[in-house]
Amino acid sequence: MSKLRSAVRIKTEAEKKSNKKLKSGVRKEPSESPYHCFHDEAELRLFRSRLLSWYDQTKRELPWRTLAVTEKDADVRTYGVWVSEVMLQQTQVATVIDYYNRWMKKWPTVQKLAAASLEEVNQMWSGLGYYSRGRRLHEGAQKVVCDLGGEMPKSAEKLLKQLPGVGRYTAGAVSSIAQGQVTGVVDGNVTRVLCRVRAIGADSSSAHVTDALWKLADALVDPGRPGDFNQALMELGATVCTPKTPRCAQCPVHTHCHAYSKVRLRQDRGSERLLGKLDSTPNSSVADIEDCTSAGGCNLCLSEDWDSELGVQNFPRKPVKKAPRVERTLVCVLRRRCDGGGGDGEIQYLLTQRPSKGLLAGMWELPSMLLEEGVSEKKHRDLLKAEAQRIVGTATESFQYVGEVVHIFSHIHQTYVVYSASVCECVEGQREQKICWLSQSALQEAAISTGVKKIMKLYYEFTGKLQDTENKKRKQSHEAGKDKKAKRAGSAANGGPKQLSLSQFFTTSKPKSS
């Protein structure tokens, strides 16, 4: 009896403390509701079955998927899937396919890649964007060969720990697809699918939502076919549950989707109100069974009002992206003739190599200079001209304006202000930067960024128009000369202009007969 009284007393004191905290303004932290999870094992199995059946019937045939199924060597299989996952980061599948095929043809094993130079890797990656990804693959391959005896890590945990640039998603995707490890994955497509299926409307980039999504992905993954299931989830987000205009009617799991049910319920209620079957007042007594009923609030629910025009696109809500910084950069296309200026040799263009770290690390670029605020473009142009002269060690000629090119990085809105110049010779000497001279054909194969390719395209168009104008002037001049020669020749053939005799001026003309 005394123990019971003691327990009651402890509970009562705890309740008093809790009430005191609430009265003093300390709010209870919102929790995650079971509404956003799967608890019914039967529903979970049905979700997996429907998604995998859909995937088997509609999946896209992709080279890395074929390799994952047909390649018997676990190291080659893991390496091939790893390459594909790194290439697919923030890059569309259609773009990756050609790069992947060329990459695997040149470097079919991790040993082949490790033996390549960074210059070759950058050259192969040219145009794919986010160039640090290629460098990380190269570094990872060298680590596998030098530190791991040529064997790829055999689990998500080891991939995450042992390979540079491999994050939680890449480790989970590679280990589940190539090694059959039962682990979930969360990328942009999976985030969108899971947020809609379980009506998770909070900021999907926040830590607590990210943690909840990974827990949900790990609970959902099919233990018998983890790789296929993860690819199916990503495929669903890429082709059906898209950011805009999702095709809910074609979704194999729409009956499990809270967002879809919520939209249908609201549509049904709207129809009933129009027919007068449901009280249209805001205080309708009909409960919304598709809403989270977590007491005290839920940190996974929508924090904003429902937008009926968005429908399922209410999930997930993303924060407004930070606007990219705006930059203007002066660029010089510097050319020379490789015969030393005789006039008939092939034209070459100067490239300088970027630092080994930072944006576009190790890539080749044209001589450039960032335009600073408060300094005129004319002043910068003079500085750019001086910089070009410093690099080649001699004076430049024919410095002229070409035009502007806009290139968008993920965080930079870049405008290149392009000039061109020529140089008769290049003085070899000690330089801080590595330089090279490349012909037009060699330039197309070099490790240059998409921005440089755009600049050179503008330059070729500009010089082509100048050449056309020059050719037109020459043609007009040539034709005018031909006309003058023809006139002179005609005059000479006819003895020149006829000179009338003096008597002819006084000769009377005969009257016309009537």
Is there a residue in region 197-216 that is in contact with a Gly (Cβ under 7 Å, 6 or more places away or on another chain), buried (at least 21 other Cβ atoms within 10 Å of the Cβ) and either farther than 28 Å from Lys143 by Cα or among the aromatic types (Phe, Trp, Tyr) (or both)?
no
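Here is a yes/no grid of residues against (1) of a type in the set (S, T, N, Q); (2) out of contact with any Cys (no Cβ under 6 Å at 6 or more places or on another chain); (3) farther than 24 Å from Ser449 by Cβ; (4) touching a residue at least 24 places away in the same chain (Cβ under 8 Å):
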{"residue": "Leu384", "(1), (2), (3), (4)": "no, no, no, yes"}
{"residue": "Val392", "(1), (2), (3), (4)": "no, no, no, yes"}
{"residue": "Thr396", "(1), (2), (3), (4)": "yes, yes, no, yes"}
{"residue": "Phe409", "(1), (2), (3), (4)": "no, yes, no, yes"}
{"residue": "Thr415", "(1), (2), (3), (4)": "yes, yes, no, yes"}
{"residue": "Ser422", "(1), (2), (3), (4)": "yes, yes, no, yes"}
Residue hits (region 158-196; under 22 Å from Gly134 (Cα atoms), part of a helix (DSSP H, G or I) and out of contact with any Lys or Arg (no Cβ under 9 Å at 6 or more places or on another chain)) are Lys158, Leu159, Lys161, Arg168, Tyr169, Thr170, Gly172, Ala173, Val174, Gly188
Need the failing condition index for Phe229 against (1) farther than 26 Å from Thr70 by Cβ; (2) touching a Ser or Thr at 6+ places or on another chain (Cβ under 9 Å), just the number.
(1)
Given (1) outside the structural domain of Arg381 (by TED's automatic domain parsing); (2) at pLDDT below 85, Asp344 misses just (1)
Listed residues Arg317, Arg273; which is at pLDDT below 95, surrounded by 11 or more Cβ atoms within 10 Å (Cβ to Cβ) and within 22 Å of the chain's Cα centre (by Cα)?
Arg317
Tabulated pairs, region 204-227, first more than 16 Å from Trp54 (Cα to Cα), second among the acidic types (Asp, Glu) and surrounded by fewer than 21 Cβ atoms within 10 Å (Cβ to Cβ), C-beta under 9 angstrom, 6+ apart or interchain:
His208/Glu32; Val209/Asp203; Ala212/Glu32
Flagged in region 124-134 as in contact with a helix residue (DSSP H, G or I) (Cβ under 7 Å, 6 or more places away or on another chain) and of a type outside the set (Lys, Arg), in numbering order, are Met124, Trp125, Gly127, Leu128, Gly129, Tyr131, Gly134
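Quick one: in region 19-61, of everything that is of a type in the set (Phe, Trp, Tyr) and part of a helix (DSSP H, G or I), which residue is modelled with the lowest pLDDT?
So in region 19-61, the residues of a type in the set (Phe, Trp, Tyr) come out as 35, 38, 47, 54-55.
Now drop any that are not part of a helix (DSSP H, G or I), which leaves 35, 47, 54-55.
Details: Tyr35: 84, Phe47: 97, Trp54: 98, Tyr55: 98.
Only one residue tops the list, namely Tyr35.
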All but one of (1) within 28 Å of Gln444 (Cβ to Cβ); (2) in contact (Cβ under 8 Å) with a residue 60 or more places away in the chain; (3) surrounded by 19 or more Cβ atoms within 10 Å (Cβ to Cβ) hold for Thr78; state the number of the condition that does not hold.
(1)
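Which one of Lys357, Lys378, Lys318 is without any contact (Cβ under 8 Å) to a residue 40 or more places away in the chain, of a type in the set (D, E, K, R) and within 30 Å of Ser205 (Cβ to Cβ)?
On the way: Lys378 fails: within 30 Å of Ser205 (Cβ to Cβ); Lys318 fails: without any contact (Cβ under 8 Å) to a residue 40 or more places away in the chain.
Only one candidate qualifies: Lys357.
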Has region 377-384 got any residue that is among the aliphatic types (A, V, I, L, M), outside any loop (DSSP other than H, G, I, E, B), under 19 Å from Leu443 (Cα atoms) and in the same structural domain as Ser422 (by TED's automatic domain parsing)?
no
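In region 106-124, how many residues are more than 30 Å from Met456 (Cβ to Cβ) and outside any helix (DSSP H, G or I)? Working first, answer last.
First, pick out the residues of region 106-124 that are more than 30 Å from Met456 (Cβ to Cβ): 108-112, 114-115.
Now drop any that are not outside any helix (DSSP H, G or I), which leaves 108-109.
Of the residues in region 106-124, 2 are more than 30 Å from Met456 (Cβ to Cβ) and outside any helix (DSSP H, G or I).
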Please go through region 199-258 and pick out each residue that is assigned to a loop (DSSP other than H, G, I, E, B), of a type in the set (Val, Ile, Thr) and farther than 21 Å from Leu62 by Cα.
Ile200, Val221, Thr245, Val253
So which residues in region 125-157 are assigned to a helix (DSSP H, G or I), of a type in the set (A, V, I, L, M, F, W, C), modelled with pLDDT of 95 or more and buried (at least 19 other Cβ atoms within 10 Å of the Cβ), if there are any at all?
Leu137, Ala141, Val144, Ala156
Identify the single condition in (1) of a type in the set (Gly, Ala, Ser); (2) buried (at least 19 other Cβ atoms within 10 Å of the Cβ); (3) touching a helix residue (DSSP H, G or I) at 6+ places or on another chain (Cβ under 9 Å) that Ala388 does not satisfy, given that it satisfies every other one.
(3)
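In this structure, is Gly429 more than 29 Å from Gly129 (Cβ to Cβ), surrounded by fewer than 13 Cβ atoms within 10 Å (Cβ to Cβ) and modelled with pLDDT under 85?
Working: more than 29 Å from Gly129 (Cβ to Cβ): yes; surrounded by fewer than 13 Cβ atoms within 10 Å (Cβ to Cβ): yes; modelled with pLDDT under 85: yes.
So Gly429 fits the description; yes.
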Just the residues that are of a type in the set (S, T, N, Q) and either in contact with a helix residue (DSSP H, G or I) (Cβ under 6 Å, 6 or more places away or on another chain) or not assigned by TED's automatic domain parsing to the domain that holds Val197 (or both), please, taken from region 218-237.
Asn230
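How about region 397-411: which of its residues are surrounded by 15 or more Cβ atoms within 10 Å (Cβ to Cβ) and modelled with pLDDT of 85 or more?
Quick first cut of region 397-411, residues surrounded by 15 or more Cβ atoms within 10 Å (Cβ to Cβ) only: 399, 402, 405, 407, 409.
Selection gives Phe399, Val402, Val405, His407.
The values are calculated or read from the model by the stated rules, or taken from the named source; none is laboratory data. What you see is a predicted model, and the numbers here were worked out from it, not measured in a lab. Cβ atoms come from the backbone with ideal geometry, glycine included; neighbour counts cover every protein chain shown.
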